[in-house]
1. Suppose we filter region 119-168 for residues that are touching a helix residue (DSSP H, G or I) at 6+ places or on another chain (Cβ under 8 Å), outside any helix (DSSP H, G or I) and more than 21 Å from D62 (Cα to Cα); how many remain?
2. Are any residues in region 11-34 out of contact with any helix residue (DSSP H, G or I) (no Cβ under 8 Å at 6 or more places or on another chain), farther than 15 Å from T73 by Cβ and either crowded, with 17+ Cβ neighbours inside 10 Å or not assigned by TED's automatic domain parsing to the domain that holds I74 (or both), and if so, which ones?
3. Residues that are in contact with a Lys or Arg (Cβ under 6 Å, 6 or more places away or on another chain) and modelled with pLDDT under 95: which strands (runs of 3 or more DSSP E) entirely in region 1-97 hold 1 or more of them?
4. Count, please, the residues in region 45-75 that happen to be free of Cβ contacts under 8 Å to residues at least 60 places away in the same chain and crowded, with 21+ Cβ neighbours inside 10 Å.
5. May I ask you to verify whether A106 is modelled with pLDDT under 90 and either closer than 23 Å to A80 by Cα or of a type in the set (A, V, I, L, M, F, W, C) (or both)?
Amino acid sequence: MHQNPTLNESLHSIESLKRGDFFLEQGKPCNKIGKLVKGVMRGFVYDNDGNEITTHFYQEGDMIVASYLPNATIPMTIQALEDGEISVANYAKVMSQINKDLEITAIITREFQKLNEQLQSRLVSLLDQDALEKYECFLQDYPGLLNRIPHYYIAQYLGITPTQLSRVRKQFINKCK
């Protein structure tokens with residue numbers, strides 16, 4: 001017996017990405033939203049010199065969106081760091097169901113709160129913490145990702161050089177002994 005999909009399920013399709021592929025690109029309209037089913041992704045922006053600055057990491061179960069508003073210009077690029085799969089939906093259609101579908105409302109509210117907490121944690125770490133404290137926040141905010149992300153992206157995210165990251169990792173190991 002085949003059941004009809006729920007509204008939430010009917011909005012989604014699965015998109016496969018290869019390592020290096022872009023899910024959303026800076027400057028384009030934010031017309032899709034996703035939930036990472038498999039893989040790791042990063043969000044990044046370009047500085048004034050054209051260098052990439054990693055701003056965010058995504059892991060399995062995370063919502064992937066680049067703007068709080070559908071069809072707004074995307075402020076960052078989101079790229080796959082591993083081959084993966086994303087459950088993708090039209091962002092405007094999902095948002096049109098807010099307050100109409102309790103399941104969608106609960107999911108969007110929970111995921112936006114999580115994104116907001118991560119952004120606040122990142123701002124505090126960039127402004128008020130030394131390199132070791134930033135590293136500890138990274139480990140807390142992104143458990144299980146340390147060995148899945150190239151370390152130069154972690155260093156970029158922390159605002160330090162790869163050499164400084166190596167020193168901080170040694171400091172952290174010694175602190176934990």
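The values are calculated or read from the model by the stated rules, or taken from the named source; none is laboratory data. No experiment lies behind these values; they were computed from the predicted model shown. All Cβ positions, glycine included, derive from the backbone under ideal geometry; neighbour counts span all protein chains shown.
1. Going through region 119-168 one residue at a time, the tally reaches 4.
2. Residues of region 11-34 that are out of contact with any helix residue (DSSP H, G or I) (no Cβ under 8 Å at 6 or more places or on another chain), as a first pass: 12-29, 34.
Right, trim to farther than 15 Å from T73 by Cβ and you get 12-23, 34.
Residues satisfying the conditions are H12, L17, F23, G34.
3. On the way: elements: 12-17, 22-24, 32-38, 41-46, 52-58, 77-80, 84-90.
Qualifying strands (runs of 3 or more DSSP E): 52-58, 84-90.
4. Taking region 45-75 and keeping what is free of Cβ contacts under 8 Å to residues at least 60 places away in the same chain, we get 45-51, 58, 60-75.
Filter once more, so that each one left must be crowded, with 21+ Cβ neighbours inside 10 Å: 58, 64-66.
Of the residues in that region, 4 qualify.
5. Values: modelled with pLDDT under 90: yes; either closer than 23 Å to A80 by Cα or of a type in the set (A, V, I, L, M, F, W, C) (or both): yes.
Judged against the criteria, A106 is a match.
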